[in-house]
Amino acid sequence: MTAPLLRALRRLRWYVREFTDESAYERYVAHLRKEHPHTAVPDRRAFERMRTERRESDPRQGFRCC
Amino acid sequence: MRRANPRTIVVWSLVALVGATGWSVLALARDEEVSAAWMVAAALGSYAIAYRFYARFVAYRVLKVDRTRATPAERLDNGIDFHPTDRRVLLGHHFAAIAGAGPLVGPVLAAQMGYLPGTIWIIAGVIFAGAVQDMVVLFFSTRRDGKSLGQMAREEIGPFGGAAALLAAFAIMIILLGVLALVIVNALAESPWGTFSIAMTVPIALLMGFYLRVLRPGRVTEVSLIGIALLLLALVAGRWVAESSLADTFTLAPSTLVIWLVAYGFIASILPVWMLLAPRDYLSTFMKIGTILLLALGVVLTLPTLKMDPVTDFASRGDGPVFAGSLFPFVFITIACGALSGFHALISSGTTPKMIQKETQVRMVGYGSMLMESAVAIMALVAASIIDPGLFFAMNAPAGVVGDTVQEASKAVANFGYSISPADLARAAEQVEEESLLSRTGGAPTLAIGVSEIFSKVTGDSMRAFWYHFAIMFEALFILTALDAGTRVGRFMLQDMLGNVHKPFRNVSWKPGLILTSAAVTGLWGYFLWVGVHEPLGGINQLFPIFGIANQLLAAVALAVCTTLLVKSGRLKWAWITAVPLAWDATVTLTASWQKVFSSDPRVGFFQQRSDYQDAIEAGMVLPPAKTMDDMHTVVTNSTVDGVISAVLALLIVVVILDAGRVCLRHIRDPHASRLSEAPYVESRLTAPDGLFATREEKQRASEQEPAARP
């Protein structure tokens, strides 16, 4: 009984983390390790800062509609 | 020929039957009470058939989406803005980005024509125009590495049409922000409960921003949960404030609110994104998804009865108090979001194409999200149609017509041909703990009354006032976010344009330029807001049609770009799939602009209005609803400005359509002369399902290729 329930919860957690982009850092690290193994990996704080700065410089990123 | 299996035939026949029954009941009902269930049935049945058949046809036969072609997300994957995103996640992202206050406001105002015209337009419009536009723009932008609509217009049509499109987009953004802000002012004026809870969203967002920046970077879910808990607390606390001695501090006149909103818009747009905008975005997205789910559940659980007429007399007479003009063309511009919205083209050609895994998914993400937004619009129409029509008109007619007391309002409503007693009007306001509901124009308060009606059927009457303010808070929350984000986008466009004249403006981090352009953008929409609040003829009544025209004109730009691309990419035979909606949209909008400029009915035509009031001023008379000579001069100035804007917008769009037509003709005459800027074909190495549910073959393909695929 608990196995399907656990699986459903895991899926929900995965969806929420993807939807809110909370998983962005892990995705970026995975991407760097795979594609550019010799570059230094930024820590999460630096990464999140870089992300908001990108949005700052082009406000059309993540723009929402009426 | 391929044979369909019998089970499929049975299932789709049933779906068609459900939809057809819904439509028949809605169309044939006369003088009897109709349940909202039929509206839901007509909508869902039609959506299912459109998605299964028409969207499939457009995607596979017309666009020829190619499963083997790598998307920009795969080719340019940088782990940040370009990355292949699961289709279900992207559907959520895209839906949250396109659906805002628009689909909730337009249908409510359009309910003045009765529920039937709105229902037909929302459903038919989304199937043949709105969802097609979103999907086709998404497809073409995906083929161009996620280029924006403006860039595509410039590259595929030409610099002239491109510049007109850009200018139109900027003007539309300004009018949109002014009208949205006006909706907020009308909902919060003289309401200490609403004003307090909305004011509290600022410190809550600042706290969340600090948490995400300093304490725990990137932990969005936990900070959003904290934020929502605080938000609900602020909502409950609003009632205590309204009942305490602090009430006067938060009871603000409309003109005071204008100053607060303009100041907020300016300051918020020059603060760093992490402080206010990003956390607000999380809050409003969570609230939006949550409330829409609750509303859908509420409508389905309670299945309320529609009290509005199917078609009111205003539809043919064109003298409705909410907005003037007859059913054609004004229903089709009042309901923009939910049926056909030009703004979506900005989303479909920006963020989403950089994240889509497979071209085949444009059907689910582009067409599917728009069907969901249309369903939201249907729910808003249900919410507006289940309240007493007398109350609806007392809330939505301009103050000059309704008067200041419930007695006057009751008489005014009787003049419209409906009836509600002064006692009932007073009781409706009391039930939601508001001072008055008279002339609360803009749609948000009416929707909130409808929502509180539906929700209190589930939770009991004691919660009615809470649900009313919950609905107001949820709309105000994302309109405020839109003011901030929209000012930034407007500023970005302005910086780009001014950069042609004075180079440093292009540099978006050049502080003086930033402050100057931010002030200019807030000043511009602030002007419309100020005018709307002080308009003797009613701000929503005068400005909402311009907003509708503007939004539909942007759709005309998007559809013109789509049609040009279809022709240029050798799909001339199928160009009608966007050319027909374009012809319809252009007819509706240009007719509306024409009437707004040239109509001899002073309620509709801005220049007729201007000359009538000018003549009266010269004769020394005051025409109602104006009360003083100052009001008379205000009307003259405003109708001149409004008339000129309507004319300029229409001209810009005619330029874009003519220029697009020229490019199409040139291509038909000499296909070799035109150039198509499409990214070259690269073979895809990803496997991902095409639709919401993976088929058996897709699952098999995925397990063969990546044994450890997630999730």
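A short reminder: the numbers here are calculations on the coordinates, not readings from a lab. Source: prediction; values computed, not measured. Reconstructed Cβ throughout: ideal geometry from the backbone, glycine too, with neighbour counts over all protein chains shown.
Per-residue mean of foreign Cβ neighbours for B:107-119 is 0 (Cβ atoms of other chains, 10 Å radius). For the pair segment B:78-123 / segment B:642-659, the C-alpha centres are spaced 26 Å from each other.
The relative contact order of chain B, computed from alpha carbon pairs under 8 Å that lie at least 6 residues apart in sequence, is 24 percent.
For the protein assembly as shown, the gyration tensor built on C-alpha atoms gives a rounded shape. Its axis ratio a/c (a ≥ b ≥ c) stays under 1.5. Cross-link partners of B:K511 among lysines, defined as those whose alpha carbon lies under 17 angstrom from its own and excluding same-chain residues fewer than eight positions apart: B:K503. Neighbouring Cβ atoms from other chains, within 10 Å of the Cβ of residues in A:12-20, number 6 on average. B:K147: which aspartates and glutamates have alpha carbons under 17 Å from its alpha carbon, excluding same-chain residues fewer than 8 sequence positions away? Qualifying aspartates and glutamates at Cα under 17 Å: A:D58, B:E74, B:D77, B:D81, B:D134, B:E155, B:E156, B:E359, B:D496, B:E678. Taking θ as phi - 60° and the Karplus parameters 6.51, -1.76 and 1.60, the scalar couplings of segment B:530-545 work out to 4, 4, x, 5, 9, 6, x, 8, x, x, 5, 3, 7, 8, 4, x Hz in sequence order, x denoting glycine and proline. Each peptide in B:502-511, B:534-543 gets a packing score, the mean of other Cβ atoms within 10 Å over its residues, and the list from highest to lowest is B:534-543, B:502-511.
Counting, for every residue in B:77-88, the Cβ atoms of other protein chains within 10 Å of its Cβ and taking the mean gives 4. Taking amide H as placed 1.01 Å from N in the peptide plane, the amide H of B:V34 sits under 5 Å from that of B:L306, each at least 5 places away or on another chain. Between the amide H of B:G320 and those of B:G325, distances stay under 5 Å, these residues lying 5 or more places away or on another chain, with hydrogens modeled in the peptide plane. When only the Cβ of Lys, Arg, Asp and Glu is charged (+1, +1, -1, -1), the dipole of segment B:652-710 relative to its Cα centre reaches about 180 debye. As a proxy for reagent exposure, B:I9, B:I653 were ordered by neighbouring Cβ count within 10 angstrom, fewest first; the result is B:I9, B:I653. Once backbone amide H atoms are built at 1.01 Å from N, B:G605 has B:S599 as its partners under 5 Å, excluding neighbours fewer than 5 places away on the same chain. Need the C-alpha centroid separation for segment A:1-39 versus segment B:270-324, integer Å. Computed from Cα coordinates, the inter-centre distance equals 33 Å. Once you reduce segment B:198-250 and segment B:549-572 to the center of their Cα atoms, the two points are 43 Å from each other. Within the straight-line cut-off of under 13 Å between alpha carbons, the aspartates and glutamates reachable from B:K596 are B:D642, sequence neighbours fewer than 8 places apart in one chain being disregarded.
Residue separation of B:E430 and B:S24 scaled by 0.36 nm, minus their Cα-Cα distance, works out to 142.3 nm of gained length. With the helix formula -39500 (n - 2.57) applied to DSSP H stretches of n ≥ 4, chain B reaches a computed 222 nm mean residue ellipticity of -22000 deg cm²/dmol. Pairs exceeding 19 Å between alpha-carbon atoms, taken from A:K34/B:K358; B:K354/B:K699; B:K354/B:K573; B:K64/B:K358: A:K34/B:K358; B:K354/B:K699; B:K354/B:K573. Report the calculated FRET efficiency for A:L12 and B:V11 (r = Cβ-Cβ distance, R0 = 30 Å), to the nearest 0.05. Taking R0 as 30 Å, the efficiency between A:L12 and B:V11 is 0.55. Ranked for footprinting exposure by Cβ neighbours inside 10 Å, fewest first, B:L480, B:L516, A:L6 give A:L6, B:L516, B:L480.
In order along segment B:456-469, the phi-based Karplus estimate (6.51 cos²θ - 1.76 cosθ + 1.60, θ = phi - 60°) of 3J(HN,Hα) comes to 6, 5, 8, 9, x, 5, 5, 8, 4, 5, 4, 5, 4, 6 Hz; Gly and Pro are listed as x.
Each residue of segment B:45-60 was assigned a 3J(HN,Hα) from its phi angle through the Karplus curve 6.51 cos²θ - 1.76 cosθ + 1.60 (θ = phi - 60°); the sequence is x, 5, 4, 4, 5, 4, 5, 5, 9, 5, 4, 5, 4, 5, 5, 8 Hz, with glycine and proline shown as x. As a proxy for reagent exposure, B:D484, A:D21, B:D670 were ordered by neighbouring Cβ count within 10 angstrom, fewest first; the result is B:D670, A:D21, B:D484.
With helices as the sole contributors, chain A gives -21500 deg cm²/dmol at 222 nm; each DSSP H run of n ≥ 4 counts as -39500 (n - 2.57), and the sum is divided by every residue.
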